[in-house]
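Just below is one structure, and these are the notes that go with it.
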Amino acid sequence: MSKTAETEGALETRGIEQVPDHERTARTRELFPTWVGANISVLLLTMGASLVVAYHLNLWQALVVAVAAPVVSYGLVGLIGIAGKRGGAPGMALSRAVFGQRGNLLPGSLIWVARWGWETINAVTGAYAMLSILDIVFGLKANSVLDMVMLLAFVVATFAISGLGINAVQKCNKYATYLFGLFSVLVLGYLVVDTDWSKVFAHSAGSTAAVITGIGMIAAGGVSWIPSAPDFTRYLPRTASSRAIVGTSVGGAGIVVLPMVLMGAVMAVSTPDLASASDPVSFLGEILPTWIAVPYLLIALIGMLLINSMSMYSAGFTAQTLGFKVPRHWAVSVNAVISLAFGGVLMLVATSFMGSFIAFLSLLAVAFSAWVGVFGADMLRRKEYDGAAMADTTRTSAYWYRGGFSPAAVAAWAIGLGAGLLFTTSDWFTGPLAHNNIIGEYGLGWVATIVISGALYLLLPKPTAPAPPTAATTAPVEQPETVTV
């Protein structure tokens, strides 16, 4: 985010405290490369392939999925991002105003743990990208030792970028957007020339239920970014356009998701094993010529570094809201170590990467969606957030409510989460209601979670929100750190 000339490119040391108005000089258009960078992942290719191989969709149905999924998920990202410009703080800090100082620990803990899995998946995919490059260029074949070395290198690089803060993440996203666009055009051009289009268009159509399931599967990845949305909008001025926040979020994601999913669907016609490969990256070296495959893998590697950097950046804030009394960049290190450990297990033990990923994605989306439903419903009535009350974790806080809990928010979150799991189906877990209703059949447990938790919160009696903050109360009072070079 652009702030001032003095802080451009600096190490960000600001934590979860509210950003003062004089530092909120970012522009909404800077969100566009943020959400482009959040989607530069070859996993979208394998998910696009799954639409053809697992869900039996044709190209036109895959197009519908590729358009609808980012509109649904990143539309929600943009809407929740509006809270960032209202409150000037990260999502899980603003969440204290909704759940209470102690109540916020419940969804915060679950979201933090869920991020471990998301970062592990991306770390493993990044390691596979490096292994594929070494194989193509130098002929080095993967083995257990090399796997762990590449995983370690990826996690260390991720920690370095996310530890620097939002300036580093935004600047990397900007350049990655240009590079990704260039090489995506090259890949698309190659596919247009090399693909047997008669075979692609001859693929029969799948069911409407499969189309809806496909939308839910790909949108679930975007849902995982919703709680992080305010983290990237908190430097926007209060007068920033809400419509622009939503538009740049959807546009940035859509410009990546659409071509990547369609490319995966086209590739799957000639390489159906793509959808079930234990290594979701090496196929690029087999399908594409070396002069395209190597730079494209490098760009995808950069993209996955940025995705994990963004996730760890937000995870650092979540750790601070859970009570870890350390600077944000050190809080990030906890997630780095965890993703390294879990990534090693996944690379050495898992037999089906894509199956594990989709199963995880379905459960991840439900875990995030319970918070989204409550927080989103609360935004309908709350236009301001009291910075002093958010930072005050004692009984004197205006957000202490009853014993540190907002009963309505906590109850709606817990019930929504439980209900969503009842409607969820995956390889790891299947709820008892997953096969006896439309929601379960379509794999939309996360949608049910948002609707149920949000509706319950609106219906339940809520504690009175504190009066809108004055200029004096919007100053940061917790971790009064400054942005320094």
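In table form, for the structure just shown:
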| quantity | calculated |
| --- | --- |
| Interchain or long-range residues, amide H under 5 Å from residue 206's placed H | 58 |
| Heavy-atom accessible area order for 462, 325, 171, largest first, 1.4 Å probe | 325, 171, 462 |
| Radius ratio Rg over Rh of the range 84-221, counting only Cα atoms, Kirkwood formula for Rh | 1.06 |
| Inter-label distance, nm, simple model (7 Å from Cα along the C-beta direction), residue 459/residue 64 | 3.2 |
| Table column - 3J(HN,Hα) (Hz), the range 53-59, Karplus curve with 6.51, -1.76, 1.60, x for Gly and Pro | 7, 8, 9, 6, 8, 8, 5 |
| Taking only Cα atoms of the range 226-274, radius of gyration then Dmax in Å | 16.6, 51 |
| Probe 1.4 Å, protein heavy atoms only - accessible area per residue of the range 29-156 in square angstrom | 29 |
| Environment charge of residue 84, counting only residues whose C-beta is closer than 12 Å and scoring Lys/Arg +1, Asp/Glu -1 | +4 |
| Carbon and sulfur %, accessible surface of the range 188-274 computed with the full protein complex present, 1.4 Å | 65 |
| Carbon and sulfur %, accessible surface of the range 7-133 computed with the full protein complex present, 1.4 Å | 69 |
| Sequence-distant residues sharing a close amide H with residue 15 (under 5 Å, placed H) | 481 |
| Label-point gap, in nm, between residue 383 and residue 193 - each point 7 angstrom along Cα→Cβ | 5.7 |
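The values are calculated or read from the model by the stated rules, or taken from the named source; none is laboratory data. This is a predicted model, so every value here is computed, not measured. We place every Cβ from the backbone using ideal geometry, glycine too, and count neighbours over all the protein chains shown. These area figures cover heavy atoms from the full protein model, side chains too; ligands, DNA and RNA do not enter into them. Shrake-Rupley method; radii C 1.70, N 1.55, O 1.52, S 1.80 Å.
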